[in-house]
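J.: Here it is: the structure, laid out below.
The values are calculated or read from the model by the stated rules, or taken from the named source; none is laboratory data. On a predicted model such as this, the values are computed, not experimentally measured, just so you know. Every residue, glycine among them, receives a Cβ derived from its backbone with ideal geometry; neighbour counts consider all protein chains shown. Ligands, DNA and RNA are excluded from the accessible area calculation, which covers all protein heavy atoms including side chains. Shrake-Rupley method; radii C 1.70, N 1.55, O 1.52, S 1.80 Å.
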Amino acid sequence: VLFSCKSSKIINTASPQVIYKLETGACYGKCPIFLLEIDENGLAYLDAKKFNKIDGKLKRQLSVEEMEQLEKSYKKANLFSLLDVYPSNVADLPSIKISQLKDGKTKTVKASDKMPQGYEDLLKVLRNVVEKDGWILLEEYRHEEEIVKSDDIIIYEEIIVSFNETTGLGKFSS
């Protein structure tokens, strides 16, 4: 905040605050790893770390409609009423962290597979933000491993498991 001797006008020089976040972690396969941050003006930053269509730092301006949908979805999910962590017994699932800044307080909820319905619905809305076209590439990351091709299909709600004949499934078998 700047003040001038001849003016009573206050100029706010602070950067817009990040109010929404989605962070996905690694799995044993090629699950997309990224951090999505959306500020109060609807500017979205994507740090697509690994196994994304394009790995790198990207940005795009969200539409008013997208911001309204996010606000409704965050309100419905009611993060501040949820547990901080919803643990999973499945080791190969990527962790998902969704955060919200509201009234000066930040709430982060971490889950993998067992999550409240509102959280799951919010996750879909945030993933739609990531998947939408219009991102501007700021910096591309290069990895030695094979990068996910743009024509690869990623199904976020599916796990493919292969067992050998001697694997005991214990409580997971029916």
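J.: Sort out for me the Cα centre separation of segment 21-78 from segment 86-105, rounded to whole Å.
T.: 13
J.: Taking all protein chains as present, what is the carbon and sulfur share of the accessible area of segment 16-65, in % to the nearest whole number, probe 1.4 Å? Display every interim value, and only then the final one.
T.: Numbers: 1230 of 2350 Å².
Answer for segment 16-65 is 52 percent, counting heavy atoms of protein chains only.
J.: How much accessible area does residue 37 have with a 1.4 Å probe, in Å² rounded to the nearest 10?
T.: Here the accessible area works out near 50 Å².
J.: A follow-up question, please. Once you've got the Cα coordinates, tell me which of 72/124; 49/110; 53/107; 72/105 are over 23 Å apart. Don't skip to the answer; put the middle values down first.
T.: Values: 72/124 13 Å; 49/110 19 Å; 53/107 29 Å; 72/105 18 Å.
Pairs exceeding 23 Å: 53/107.
J.: If you project the alpha carbons of segment 59-151 onto their three principal axes, what span does each projection cover, largest first, in Å?
T.: 40, 38, 25
J.: Given a 1.4 Å probe, how much area per residue of segment 44-122 is accessible, in Å²?
T.: Computed with neighbouring chains in place, this is 56 Å² per residue.
J.: So, one more: Find, among the chymotrypsin sites (Phe, Trp or Tyr not before Pro) in segment 17-103, those assigned to loop by DSSP (not H, G, I, E, B) with at most 10 other beta-carbon atoms within 10 angstrom. Please report the intermediate quantities before stating the final value.
T.: Numbers: sites: 20, 28, 34, 45, 51, 74, 80; in loops: 28, 51.
Taking segment 17-103 and a limit of 10 other Cβ atoms within 10 Å, the loop chymotrypsin sites (Phe, Trp or Tyr not before Pro) found are 28.
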